[in-house]
Amino acid sequence: MNMQEIMRQAKRMQKRMEEAREQAGAKTVEGSAGGGMVVVTANGRSEIVSVKIEKDVVDPDEIEMLQDLVVAATNQAIQRANEMMNEEIGKVTGGLPIPGMF
């Protein structure tokens, strides 16, 4: 295999990886806490797109608990978004870790 062919293959893989990122970026995942009382939705770019809080968990005397639930649900959503992105990129790379990708 010559250098030109290696470069062509690298460009094709880079294009496929960008396409996989775009597709994963359009997908969403959820994180929840408190038995689903707080649900946070994130997209594949690890951006929070929505937060849902059940009325029953909103208590002015328990604001710290609500804050903790929001943080826990957000962290779970971001973790799932990262896992989803890694899976999509892994499909392109065959599971090989590529430095600088994540």
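What number goes with the only condition from (1) of a type in the set (Ser, Thr, Tyr); (2) over 23 Å from residue 94 (Cα atoms); (3) at pLDDT below 95 that residue 46 does not pass?
So the condition that residue 46 fails would be (2).
Here is a yes/no grid of residues against (1) in contact with a strand residue (DSSP E or B) (Cβ under 8 Å, 6 or more places away or on another chain); (2) of a type in the set (S, T, N, Q); (3) surrounded by 14 or more Cβ atoms within 10 Å (Cβ to Cβ):
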| residue | (1), (2), (3) |
| --- | --- |
| 53 | yes, no, yes |
| 67 | no, yes, no |
| 78 | yes, no, yes |
| 89 | no, no, yes |
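Scan the stretch 34-69 residue by residue and report those that are of a type in the set (Lys, Arg) and either part of a loop (DSSP other than H, G, I, E, B) or in contact with a Phe, Trp or Tyr (Cβ under 9 Å, 6 or more places away or on another chain) (or both).
Going residue by residue through the stretch 34-69, those that are of a type in the set (Lys, Arg) are 45, 52, 55.
Once the filter is applied, which keeps residues that are of a type in the set (Lys, Arg) and either part of a loop (DSSP other than H, G, I, E, B) or in contact with a Phe, Trp or Tyr (Cβ under 9 Å, 6 or more places away or on another chain) (or both), the stretch 34-69 yields only 45.
If you take the residues in the stretch 78-97 that are farther than 18 Å from residue 19 by Cβ and not hydrophobic (A, V, I, L, M, F, W, C), which one is modelled with the lowest pLDDT?
It comes out as 97.
Among the numbered conditions (1) under 18 Å from the mean Cα position of the chain (by Cα); (2) in a helix (DSSP H, G or I); (3) touching a residue at least 40 places away in the same chain (Cβ under 8 Å), tell me where residue 31 comes up short.
(2)
The values are calculated or read from the model by the stated rules, or taken from the named source; none is laboratory data. Values in this document were obtained by computation on a predicted structure and should not be read as measured data. We place every Cβ from the backbone using ideal geometry, glycine too, and count neighbours over all the protein chains shown.
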